[in-house]
Amino acid sequence: MTEHPAARPLSGITVVSVEQAVAAPFATRQLADLGARVIKVERPGGGDFARRYDTTVHGESSYFVWLNRSKESLTLDLKSARGRQVLEQLLAGADVFVQNLAPGAADRLGLGAQALTERFPSLIPCAVTGYGSSGPWADRKAYDLLVQCQTGLVSLTGSASEPARAGVSVADIAAGMYAYSGVLTALFTRATTGVARPVEVSLFEALAEWMGQPAYYTRYGGTQPPRVGTRHATIAPYGAFTTADGKDVLFSIQNEREWAALCERFLKRPELIDDPRFATGAARVAHREELDALVAARCAESGSQEVMQLLDEAGIANAGVNDVPEFLAHPVLSARDRWRDVRIPGGAAVPALLPPVDLAGTVPRMDPVPAVGEHTGRILAELGYDATEIDALRADQVV
């Protein structure tokens, strides 16, 4: 039975977003997945600068295609009085306003949380900032890798000889996830209490939360976890080892039962179970180099499929270290029917993954990625503008 769109959890909710790059668009795309109407306000002409990060997806940016399906694009010059007037009309009928403008820009435009709450008491404003709207770094710009550096994440990632950025925009993604859950919480609060509470998330504090474990380890252990590549900093053996056919296989020993099984069934060295160098988790970490050398020698004797089969039989979690093409062809995604086609500007269809949360009885929205300003005329008409007025706004580059 096909679900009617009205049954989606956020059907009837309107989100207006003055957004760019990754963090705020990721939050609003997830709201759109759940059925919210998301009106994305972009600059006349080029629009969201993330549209030009690359041109790999049939001429479109991989970032933009990922983050902006199911949205409507409206171009507005917010520096003009008439552009701000249109935005005011939109906000009067909206439930949520999301913005990740440069530091101070929202307040200068009258779009700060306090000003919006005074004008629109039922509107939920959501600000995604770099380092927060107050404090000594409130005026600093923040990009993903800068925040990875400031939180110490880069110092934990990479090999022993060289730090590295995480391979995805982890600070942006963290902030987008908290903005998304914060908006959902605010919508629930408004529904149950009648009070619309503003939401604020900073990239720095979102990623700071994710740094909780190494922060505790460092504060109370005296030193921070070392960079160990694919190895785990505080558990051994836990990492990737190269097999006879050249493919890396990663596995993890989490407890003494698994350690015994590894020794008996994979290493074929039962005497190692009680070897003082390896008998406890702490001992194995302390003697990691010796232990890893033993494991590496054993893995080099067999191909990856045999290694993974033997580890499976021993009850030890393991996985081949995939590259991105192998991920795209992953049997779990195909067997669970996780791919859907989504249209992009120009009419091509590209596969997109369904949202990871399956909500029983609902079908996520997977509508097209909009072209710049694609819905401008229709949205203005909904606000009461006639064709002559719309043409005048276009002629003056307000939209």
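The values are calculated or read from the model by the stated rules, or taken from the named source; none is laboratory data. Since this is a predicted model, take the numbers as computed values, not measurements. With ideal geometry, Cβ positions are generated from the backbone for all residues, glycine too; neighbour counts draw on all protein chains shown.
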Exercise. Does GLY182 count as on the phi > 0 side of the Ramachandran plot and in contact (Cβ under 8 Å) with a residue 12 or more places away in the chain?
Worked result: no
Problem set entry | In segment 352-377, residue nearest to ASP48 (Cα to Cα) [restricted to those that are surrounded by fewer than 14 Cβ atoms within 10 Å (Cβ to Cβ) and free of Cβ contacts under 8 Å to residues at least 24 places away in the same chain] | LEU353
Seminar exercise, completed: Inside segment 135-148, the number of residues satisfying the requirement of being surrounded by 14 or more Cβ atoms within 10 Å (Cβ to Cβ), under 20 Å from the mean Cα position of the chain (by Cα) and not polar (S, T, N, Q) is 6
For this session: Kindly indicate whether VAL22 is modelled with pLDDT of 95 or more and more than 22 Å from GLU88 (Cα to Cα).
Result: yes
For this session: May I ask you to say which residue of ASP77, ASP54 is without any contact (Cβ under 8 Å) to a residue 12 or more places away in the chain, of a type in the set (Asp, Glu) and not in a helix (DSSP H, G or I)?
Result: ASP54
Exercise. Quick check, is ARG269 charged (D, E, K, R) and under 20 Å from ALA244 (Cα atoms)?
Worked result: yes
Exercise. Across segment 282-305, what is the number of residues that are surrounded by 15 or more Cβ atoms within 10 Å (Cβ to Cβ) and not aliphatic (A, V, I, L, M)?
Worked result: 9
For this session: Give GLU118, GLU88, GLU42, GLU19 a once-over and let me know the one that is surrounded by fewer than 20 Cβ atoms within 10 Å (Cβ to Cβ), assigned by TED's automatic domain parsing to the domain that holds ALA186, closer than 28 Å to ALA392 by Cα and charged (D, E, K, R).
Result: GLU88
Seminar exercise, completed: Expected output for segment 97-112 (first residue in contact (Cβ under 8 Å) with a residue 60 or more places away in the chain, partner buried (at least 19 other Cβ atoms within 10 Å of the Cβ) and of a type in the set (Asp, Glu), Cβ below 8 Å, 6+ apart or cross-chain) is VAL98/GLU19; GLN99/GLU19; ASN100/GLU19
For this session: Having 1 or more residues that are within 26 Å of the chain's Cα centre (by Cα) and at negative phi is the bar; report the helices (runs of 4 or more DSSP H) wholly within segment 205-313 that clear it.
Result: 212-221
Exercise. How many of the residues making up segment 65-83 are more than 27 Å from ILE390 (Cα to Cα) and not β-branched (Val, Ile, Thr)?
Worked result: 2
For this session: Mind counting the residues in segment 227-245 that are out of contact with any His (no Cβ under 9 Å at 6 or more places or on another chain), touching a residue at least 40 places away in the same chain (Cβ under 8 Å) and either more than 27 Å from TYR217 (Cβ to Cβ) or not hydrophobic (A, V, I, L, M, F, W, C) (or both)?
Result: 10
For this session: Have a look at ARG227, ARG219 and point out the one that is outside the structural domain of ALA21 (by TED's automatic domain parsing), under 15 Å from LEU156 (Cβ atoms) and buried (at least 18 other Cβ atoms within 10 Å of the Cβ).
Result: ARG227
Exercise. So THR193 clears everything in (1) among the hydroxyl-bearing types (Ser, Thr, Tyr); (2) surrounded by fewer than 14 Cβ atoms within 10 Å (Cβ to Cβ); (3) at pLDDT below 95 except one condition, right? Which one?
Worked result: (3)
For this session: Answer yes or no: is there a residue in segment 166-174 that is in the same structural domain as ASN100 (by TED's automatic domain parsing) and touching a strand residue (DSSP E or B) at 6+ places or on another chain (Cβ under 6 Å).
Result: no
